[in-house]
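Visitor: One structure follows; several queries about it will come next.
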Amino acid sequence: MDIGSILETAILSPDQKARQDAEAQLAQMASEHFVDYLAMLTTALGSENQKTEVRMLAGIGIKNQLVAKDVATKLSQNERWVSLAVQAKAEIKRTSLQALLSADDRVANAAAQLVAAIADIELPRDEWPDLMLVLVENTKENQPVNVKRASLLAIGYICETADPGNSGVVAQANGILTAIVQGARAAEPSVVVRQTAINALVNSLDFIRDNFTREGERNYIMQVVCEATQAADEKLQASAFGALARIMNMYYSYMRLYMEQALYGLTVVGMKSSSEDVSCMAVEFWSTVCEEEIEINLQNGEPFDEENPAPARENFSFANYALNEVLPTLLQLLTRQDEDADDDDWNVSMAAAACLQLFAEDTGSAVVNPTLHFVESNIQQKDWRNREAAVMAFGSILDGPDHETLTHVIQQALGPILSLMNDPVLQVKDTVAWCLGRIADLAIEGIDTEVHLPGVMSALIAGLQDHPKVVTNCCWTLINLTEQLGQEGAYSATTPVSMYYEAMIKTLTQASDRPDNEAMARTSAYEALGVLVTCSANDTLPLVNDMSSIIVSRLEQTLAMQAQLVGMDDRVNLEELQISLLSVLTNIIRRVSPNDRTSSDRLMTLLISMLRQKLPNSLIEEDIFIAISAVAGAVQENFGIYLAVFNPFLMTALEDADSPTCNTAVGIVADLAVALGAQITPYCDMYLTAFLTNLQNASVRRDVKVSILSCFGDLASAIGAVFEKYLEITMQVLVQASSLRRGADHSYEIVEYIHQLQEAIVDAYAGIVQGMRERPEVLLPYIQPIFGFLSAVQSQPTLMRSESVVRAIVGLIGDVADIYKHGEVAIYFKEDWITNLLRNARQEQTFSGGVKETAKWAREQQKAQIAML
């Protein structure tokens, strides 16, 4: 079999079917004759007689048999490689290193990826000990440029994919650093080699922590990178500034000396560079400085965590010291907009705006006066770039300075800023709408509802009829205004924005009625409508009711549109529309609670039709489920008439654990249990069977398992003593799950999962105790493990700072005492942890009055139990 011909066909044939057939043949060979397949690919990679594309594909083909994003697949591939004959592996490694020397960069690039893939498996196993020696040798001064470049590229790939916590990889740090520094030095004549070395350095920073702690090595690393910022080549300069940003991110505590001696001056000069790439990366350096200092302040201000104690970090206030030099440069960079840039393009003015926001957050009110001076000097300039930059600057400093200062300056600036909503240049209007959104979001106190709000609302409603970009930002501003000024709307007769509802709803309804979603304008309009509904005061409910008929009618129209879809773009556009409409409809149902049979029939007919007619692999199923859950919440026990029709869809989602809708489906079962009460009993066998099957499946997502455990409590509370038939198996599951404890070596994700699991178990136990209160003798054997679990949970400070967790535990303790009135469980109530928990719940200032009242009641129950001893 000529593997070269097959590879050539797969990559070079102009015939699509021939390419597909060749790819299928390669896949079959990999599956059925793996060892022979690797051998043939290795031969092709090493053959100078093969075409470049064939050698490239051969190298990538071997690499693809060793790497995978899926953890289980990657583990299987690792094991398969390890099990290969030593001689076969040696030949692949020899050939990959030989191909690394190829004068053809494309072949060498593929070989570098293959070397890294093998290293990712073998270095953690302390195998391939001579690899780093070879790569270091390849980077020496006397080696050809192509060899140095490819070897440094391989090192970069190795560092990018390897686990920095693995001792086998970290043991190679000295070799890695030696090779990188050799390539990055100013004495290296090749710009390509230096840039590849700098990029490899960025990837290696996790592995050279020990080296970085040693002053001599650290000085040399910093010297090499700083020299690279002064290179003649702009790409190398940009890479060097990017490396400095990454070093600042990882090693802030070591940076004081280097900031004083070099980095302040180097980076300011870099920011002023005429090269867009260099300037952006120099700005990125200062963004990183601010991010680190903001993070340090947050960490140092957090309450002490006994579970995860961390020493305070010193903040050197680099941004404050540099303010007089860096801030004027940033402000000037705002005027370097790219008029023709796409929304996704990143340019120096965007980078400067992002950095300015971070400077404001880091240094606070110190940015206000210099920025205001810039705004005053530019906001009325003839050049639109100056006007846009002035508004951008103002909007960028609203998060950080004290609110009293901001309130004053906003009230001064609002008039000139609002006048620019009529500017002839789109970019200016777009930024004005964004700036108003920032004010509404971060400094609402600056908008006086009597003096300024009418003008703001008038400008926004006009903006909703402008270009889609302006519409999107106007919608965001309306969302912020409504949430800030109408957050108590659902509990109020009126709000400061009520008088504008009619105009807002009318204009947003018009803005959302467009066939496309350019600049996300349609989605934003529907999102704004949804927020108006959520925050609607009683005096605006008639307007919300009127809106509901429009939304339902539009949803019904989308069902007819499905038959007219032409291609994927049409399908995506329709699904975006349906998701937006469903979101607004859900909010309306929750706010208005239409509980008359006519309304609920129409809604459920529509939603079930959407489930029946949804396209394969559609994304809208979850949104339909959420809307149906809202209907159940509105009609409560009357939802029983719809459950028989809806349940098959619900069960399909519950039984498909890989579906993104599965977790939503579990939540709907919980909602249905609350709405229907005992009416849900006939369906519990199906739900519990699906739940237990998912819990036993190791591949089911963690969030689904957490939701299932919590749902046990909802079902038990709903069906009461009938839950006895499920009690033994659910308690077995809960007791087993409650045995999971955090370990010192657990990742943050695992610790977070354990906390979520424990909170769900508390909820489950609370619901089960409530449901089984009429059968205390059946529940009695499980009280001991319940209290054992609560004792473990209450000792975790992180969980005990959660009001919802404390409320559930306190209520559960009180409920158990209330059920067993004859001393059957009194022995458990004399424990000191119960007394301490109830006292802390009563005294914690951040907890609501409801929690404190429940704690007082539970304390009385505890006293009554102790009195029975």
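Visitor: Out of segment 446-467, which residues are part of a helix (DSSP H, G or I) and either outside the structural domain of I479 (by TED's automatic domain parsing) or surrounded by 14 or more Cβ atoms within 10 Å (Cβ to Cβ) (or both)?
Guide: If the condition is that a residue be part of a helix (DSSP H, G or I) and either outside the structural domain of I479 (by TED's automatic domain parsing) or surrounded by 14 or more Cβ atoms within 10 Å (Cβ to Cβ) (or both), then G446, L453, G455, V456, M457, S458, A459, L460, I461, A462, G463 are the ones that fit.
Visitor: Does T43 qualify as being touching a residue at least 40 places away in the same chain (Cβ under 8 Å) and surrounded by fewer than 20 Cβ atoms within 10 Å (Cβ to Cβ)?
Guide: Yes; evaluated as a whole, the condition is true for this residue.
Visitor: Another question, if that's okay. Could you list, in sequence order, all residues of segment 6-45 that are within 24 Å of L101 (Cα to Cα) and at pLDDT below 85?
Guide: Of everything in segment 6-45, those that are within 24 Å of L101 (Cα to Cα) and at pLDDT below 85 turn out to be L7, E8, I11.
Visitor: Do you know which residues across segment 1-22 are assigned to a helix (DSSP H, G or I) and touching a helix residue (DSSP H, G or I) at 6+ places or on another chain (Cβ under 7 Å)?
Guide: Of everything in segment 1-22, those that are assigned to a helix (DSSP H, G or I) and touching a helix residue (DSSP H, G or I) at 6+ places or on another chain (Cβ under 7 Å) turn out to be I3, G4, I6, L7, E8, T9, A10, I11, L12, A18, R19, A22.
Visitor: Residues I624, I608: which one is outside the structural domain of R514 (by TED's automatic domain parsing), buried (at least 20 other Cβ atoms within 10 Å of the Cβ), at pLDDT 95 or above and assigned to a helix (DSSP H, G or I)?
Guide: The unique qualifying residue is I624.
Visitor: Within segment 554-572, count every residue that is surrounded by 11 or more Cβ atoms within 10 Å (Cβ to Cβ) and assigned to a helix (DSSP H, G or I).
Guide: 11
Visitor: Taking the condition of being of a type in the set (A, V, I, L, M) and modelled with pLDDT under 90, how many residues in segment 738-782 meet it?
Guide: 5
Visitor: If you take the residues in segment 389-433 that are closer than 13 Å to T371 by Cα and in contact with a Cys (Cβ under 8 Å, 6 or more places away or on another chain), which one is surrounded by the most Cβ atoms within 10 Å (Cβ to Cβ)?
Guide: V391
Visitor: Can you name every one of the helices (runs of 4 or more DSSP H) wholly within segment 198-309 that holds 2 or more residues which are surrounded by 15 or more Cβ atoms within 10 Å (Cβ to Cβ) and within 27 Å of the chain's Cα centre (by Cα)?
Guide: Helices (runs of 4 or more DSSP H) meeting the threshold: 234-250, 276-301.
Visitor: I'm trying to understand the selection: among the residues of segment 158-196, which are of a type outside the set (S, T, N, Q), under 23 Å from M56 (Cβ atoms) and modelled with pLDDT of 95 or more?
Guide: V192, V193
Visitor: Please tell me if L508 is of a type outside the set (F, W, Y), crowded, with 22+ Cβ neighbours inside 10 Å, touching a Cys at 6+ places or on another chain (Cβ under 9 Å) and more than 13 Å from L585 (Cβ to Cβ).
Guide: yes
Visitor: Against the conditions (1) of a type outside the set (K, R); (2) out of contact with any Gly (no Cβ under 7 Å at 6 or more places or on another chain); (3) assigned to a helix (DSSP H, G or I), where does G364 fall short? Just the number, please.
Guide: Going through the list (1) of a type outside the set (K, R); (2) out of contact with any Gly (no Cβ under 7 Å at 6 or more places or on another chain); (3) assigned to a helix (DSSP H, G or I), G364 breaks only (2).
Visitor: Next up: For segment 61-76, enumerate the residues that are under 31 Å from the mean Cα position of the chain (by Cα) and either assigned to a helix (DSSP H, G or I) or surrounded by 14 or more Cβ atoms within 10 Å (Cβ to Cβ) (or both).
Guide: Of everything in segment 61-76, those that are under 31 Å from the mean Cα position of the chain (by Cα) and either assigned to a helix (DSSP H, G or I) or surrounded by 14 or more Cβ atoms within 10 Å (Cβ to Cβ) (or both) turn out to be K63, N64, Q65, L66, V67, A68, V71, A72, T73, K74, L75, S76.
Visitor: Please pick out the residue among V778, V816, V733, V769 that is within 34 Å of the chain's Cα centre (by Cα) and either surrounded by 16 or more Cβ atoms within 10 Å (Cβ to Cβ) or assigned to a helix (DSSP H, G or I) (or both).
Guide: V733
Visitor: To continue, here is another question. Quick one: which helices (runs of 4 or more DSSP H) lie wholly within segment 84-182 and hold at least 3 residues that are over 16 Å from N203 (Cα atoms) and touching a helix residue (DSSP H, G or I) at 6+ places or on another chain (Cβ under 8 Å)?
Guide: In segment 84-182, the matching helices (runs of 4 or more DSSP H) lie at 86-99, 105-122, 131-138, 145-161.
Visitor: Report whether or not V145 is at negative phi and surrounded by fewer than 21 Cβ atoms within 10 Å (Cβ to Cβ).
Guide: For V145, the condition - at negative phi and surrounded by fewer than 21 Cβ atoms within 10 Å (Cβ to Cβ) - is met.
Visitor: Name the residue, out of N378, N422, N386, that is on the phi < 0 side of the Ramachandran plot and assigned by TED's automatic domain parsing to the domain that holds E527.
Guide: Exactly one of N378, N422, N386 is on the phi < 0 side of the Ramachandran plot and assigned by TED's automatic domain parsing to the domain that holds E527, namely N422.
Visitor: To continue, here is another question. Whether any residue in segment 40-52 is within 21 Å of L84 (Cβ to Cβ), touching a Lys or Arg at 6+ places or on another chain (Cβ under 6 Å) and among the small types (G, A, S) is what I want to check.
Guide: The answer is no, given that none of the residues of segment 40-52 is within 21 Å of L84 (Cβ to Cβ), touching a Lys or Arg at 6+ places or on another chain (Cβ under 6 Å) and among the small types (G, A, S).
Visitor: Return the pairs, sorted by first residue and then second, in which the second residue is outside any helix (DSSP H, G or I) and among the small types (G, A, S), the first residue lies in segment 682-700 and is in contact (Cβ under 8 Å) with a residue 24 or more places away in the chain and within 16 Å of L734 (Cα to Cα), the beta carbons are less than 8 Å apart, and the residues are 6+ apart or on different chains.
Guide: N694/A657; N697/A657
Visitor: Just to be sure, is T371 in the same structural domain as T335 (by TED's automatic domain parsing), modelled with pLDDT of 95 or more, surrounded by 14 or more Cβ atoms within 10 Å (Cβ to Cβ) and under 35 Å from the mean Cα position of the chain (by Cα)?
Guide: For T371, the condition - in the same structural domain as T335 (by TED's automatic domain parsing), modelled with pLDDT of 95 or more, surrounded by 14 or more Cβ atoms within 10 Å (Cβ to Cβ) and under 35 Å from the mean Cα position of the chain (by Cα) - is met.
Visitor: Residue under question is T558, and the condition is that it be β-branched (V, I, T), more than 30 Å from G486 (Cα to Cα) and not assigned by TED's automatic domain parsing to the domain that holds L485; does it hold?
Guide: Against the criterion (β-branched (V, I, T), more than 30 Å from G486 (Cα to Cα) and not assigned by TED's automatic domain parsing to the domain that holds L485), T558 does not qualify.
Visitor: Also, I was wondering about something else. Determine which single condition D340 fails, assuming it passes every other condition in (1) surrounded by fewer than 13 Cβ atoms within 10 Å (Cβ to Cβ); (2) in contact with a helix residue (DSSP H, G or I) (Cβ under 9 Å, 6 or more places away or on another chain); (3) outside any helix (DSSP H, G or I); (4) not β-branched (V, I, T).
Guide: Of the numbered conditions (1) surrounded by fewer than 13 Cβ atoms within 10 Å (Cβ to Cβ); (2) in contact with a helix residue (DSSP H, G or I) (Cβ under 9 Å, 6 or more places away or on another chain); (3) outside any helix (DSSP H, G or I); (4) not β-branched (V, I, T), the odd one out for D340 is (2).
Visitor: If you don't mind, another one. What are the residues in segment 744-778 that are within 15 Å of S791 (Cα to Cα) and of a type in the set (S, T, Y), if any?
Guide: Within segment 744-778, Y765 is the sole residue that qualifies.
The values are calculated or read from the model by the stated rules, or taken from the named source; none is laboratory data. What you see is a predicted model, and the numbers here were worked out from it, not measured in a lab. We place every Cβ from the backbone using ideal geometry, glycine too, and count neighbours over all the protein chains shown.
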